[in-house]
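J.: Please read through the structure below; I'll follow up with questions.
The values are calculated or read from the model by the stated rules, or taken from the named source; none is laboratory data. All values derive from a computational prediction rather than experimental measurement. Don't worry about glycine lacking a Cβ; one is built from the backbone with ideal geometry, like all the others, and counts go over all protein chains shown. The protein model used for the area step is the full one, side chains on, heavy atoms only, and it has no ligands, DNA or RNA in it. Shrake-Rupley method; radii C 1.70, N 1.55, O 1.52, S 1.80 Å.
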Amino acid sequence: MKTTTVTSNLIQLTRFRFVNTYLVREDDGFTLIDTSLGGGADRMIAAAQRAGGAIRRIALTHGHGDHSGSLDALKERLGDSVEVLIPELDARILAGERVVDGKLPGSWPKGLKTAPDVRLSGGERVGSLEVVPSPGHSPGHVAFLDTRDRSLIAGDVFTTYGRASVSNHFYWRFPFATMATWDRSKDLESAQALRALDPTLLVVGHGPAIRAPREAMDAAIAQAGGR
Ligand SMILES: [Zn+2]
């Protein structure tokens, strides 16, 4: 696992070269955003300890397996000391409920044991982070805006290999996010809504951080058929 200090409040953890999770520093420890594929719990806990705190909260951008894969193992190890927050619709999908008509792409783990303490639908605060609804890649997808410096954790609405790209259309550098996207027009609308937040930093589930991302996001939206 690779550890990258992006800002003093934001640490990027990368496994298998392509799956990111984030430690967001708070006064009481860390919020972990996303949990990667299975098998990463010990390394993420150790990374938080090395950075000087414990994981106090685990919040998911969405329920796909490469974001929820280590959730049960983390919850097993951290127990009641950790609060788990999952987007409402994705939590229901993970619980086996059918929440949308038609087919739901992407990998949705079956038999996830950890139920959320809090279901997110947007507008909530998670420590310093504001929850921003951004459906499309998955039905319940949310992003997180750090109100301290307007860093944006955008999940899988964008990927950033080579350049920023919206996950609503194929881009050869990372086609997997597109294959997993549920509603392409909603995904594009969410990309536009995230751009309108005027973030100072863009970090995503797959790809490196982009600082001062305004132009990169505009170009990605134009490429995706938006404006
Ligand atoms: Zn995804």
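J.: Residue 58's amide H: which non-local residues (gap 5+, or another chain) put their own amide H closer than 5 Å, with H modeled 1.01 Å from N in plane and none for Pro or chain starts?
T.: 32, 83, 84, 85
J.: Take the alpha carbon atoms of the stretch 71-123, find their center, do the same for the stretch 172-190, and report the distance between the two centers in whole angstrom.
T.: Going from one Cα centre to the other spans 20 Å.
J.: Sort the following peptides by mean Cβ neighbour count (other Cβ atoms within 10 Å, averaged over residues), highest first: 82-88, 127-133.
T.: Most protected by this proxy first, the peptides run 82-88, 127-133.
J.: Same structure again: Rank these by accessible area, largest first, 1.4 Å probe: 75, 110.
T.: 110, 75
J.: Find out how many positive minus negative residues lie around residue 43, taking Lys and Arg as positive, Asp and Glu as negative, among other residues whose Cβ is under 13 Å from that of residue 43.
T.: Local net charge: +3.
J.: What is the log10 of I(q)/I(0) for the stretch 66-142, computed with the Debye formula using one identical point scatterer on each Cα and no solvent, at q = 0.13, 0.19, 0.21 Å⁻¹?
T.: -0.41, -0.87, -1.04
J.: Then there is this: Can you run phi through the Karplus equation (6.51, -1.76, 1.60; θ = phi - 60°) for the stretch 155-170 and list ³J(HN,Hα) in whole Hz, with x for Gly and Pro?
T.: Each residue of the stretch 155-170 in turn: x, 9, 5, 10, 10, 9, 6, x, 7, 6, 9, 7, 6, 7, 9, 5 Hz.
J.: Next question, about the same structure. Taking θ = phi - 60°, what integer Hz values does the Karplus form 6.51 cos²θ - 1.76 cosθ + 1.60 yield along the stretch 104-121, in sequence order, with x for Gly and Pro?
T.: Karplus values, whole Hz, x for Gly and Pro: 10, x, x, 8, 10, x, 9, x, 4, 8, 6, 8, x, 6, 9, 9, 9, 10.
J.: Please turn the phi angles of the stretch 204-212 into ³J(HN,Hα) values with the Karplus equation 6.51 cos²θ - 1.76 cosθ + 1.60 (θ = phi - 60°), one per residue in order, whole Hz, x for glycine and proline.
T.: 9, x, 9, x, x, 5, 10, 8, 6
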